[in-house]
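Worksheet: one structure, shown below.
Read-outs throughout are calculated quantities, based only on the coordinates presented, and are distinct from any laboratory measurement. No experiment lies behind these values; they were computed from the predicted model shown. Ideal geometry is used to build each Cβ from the backbone, glycine not excepted, and the neighbour counts take in all protein chains shown.
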């Protein structure tokens, strides 16, 4: 099919007559493998895994081009007992054998590490032998992104994930994007003393130059004590170190996953957090090149406090502020909004996403009226609530239209939903 297309293209451009016969005979005798390697790569990128595998079996040249693309993704899920460990090592059926990644390590671009379980107090080995993670990471010389994520279900202590993060940052120099999504409790964080002492004794090592960084931490079994959160952030900032200096896309979120049985949840509902001043010499993420910030504000005051405690940013060059999951019921006053927005005097775009309260629109307009956001040019909102009725829409137009140059409200309907059509809406204001 591709050969026929190339012949027709040459015939259309030069014509079958009036052009040197040698050029036309060359087009008639052209085969698929005569195309440039770059073009073949572009064609193979559109094939599914089964088709890619069959293409690689046709000849040696296609094998060299197609088969490595089957190994661009590698996933590691650490296991618990000895029987699972033997399966995980490829000795029993049912678990994919990762030994092929030794051969095609240079083709790996993405690695996922999820739900690890600590085996014999060493997450990097199985019964004294190096694990696949330890053996394979040095071979992933073209690795681009790593995800270290703890999903629902039995899993390893927080220390295991931190050890994996440490190994990734000291091994994969080609890494560009790092995604961290972890949970912890007070007991797990208390076991990090040995790792913290080891990091203080080790000499500085080369680290990758990250372009994207995503940190999401959730405190489990919370009992009105943020000491584990402070310790976890200090350790992660210490591990990432100088890799944060080149970050341009940053998303940050700190929150609560669940509560202790004897915790009074009314304290959480009132938004009362035991925030304490930290050591001025604490490690921080050096984000001096950052122009866009994404904050997960499920626990608004907590996330905002932790961000400014452990992230060193140049607020004068921040142009975009993206605020996620502002669905919390904790009170957020105009004074708090003023304090947040006034930290970034040259903001051009504010984009709240998944919000449920229209008060956020009023807050932004009031802060701008105070001349604290005089450089703001655009406000975009994505709402989780039902779209406004026509009467409410006209009321919003009357209220906000005189305060901006242009505004638009769009209703979205997700027709893939089974029970009715889930609807959402977005609002956009330009100043």
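Ranked by Cβ crowding within 10 angstrom, fewest neighbours first, how are 314, 177, 112 ordered? Could the numbers behind the result be given before it?
On the way: 314 11, 177 18, 112 15.
In order of increasing Cβ crowding within 10 Å: 314, 112, 177.
Stick to the Cα atoms of the range 217-312, pair each with every other, and give me the Kirkwood hydrodynamic radius in Å at one decimal.
On the way: mean 1/r = 0.0701 Å⁻¹.
The Cα-based Kirkwood calculation yields 14.3 Å.
For the range 153-300, calculate the relative contact order in percent as a whole number, restricting contacts to Cα pairs under 8 Å that are 6 or more residues apart.
Relative CO of the range 153-300 lands at 26 percent.
Please compute the modelled spin-label separation between residue 405 and residue 147, points set 7 Å along Cα→Cβ, answer in nm with one decimal.
Calculated label separation equals 4.0 nm.
To make sure I understand, if each residue's beta carbon is the centre and we count other beta carbons within 10 Å, what order do 46, 305 fall in, fewest to most? Working shown, then result.
Details: 46 8, 305 15.
Lowest count first: 46, 305.
Name the residues of the range 206-240 whose amide N is less than 18 Å from a point 7 angstrom out from the Cα of residue 263 along the C-beta direction?
216-233
Can you sort 244, 63 so the residue with the fewest Cβ neighbours within 10 Å comes first?
On the way: 244 23, 63 13.
Arranged by neighbour count, lowest to highest, 244, 63 become 63, 244.
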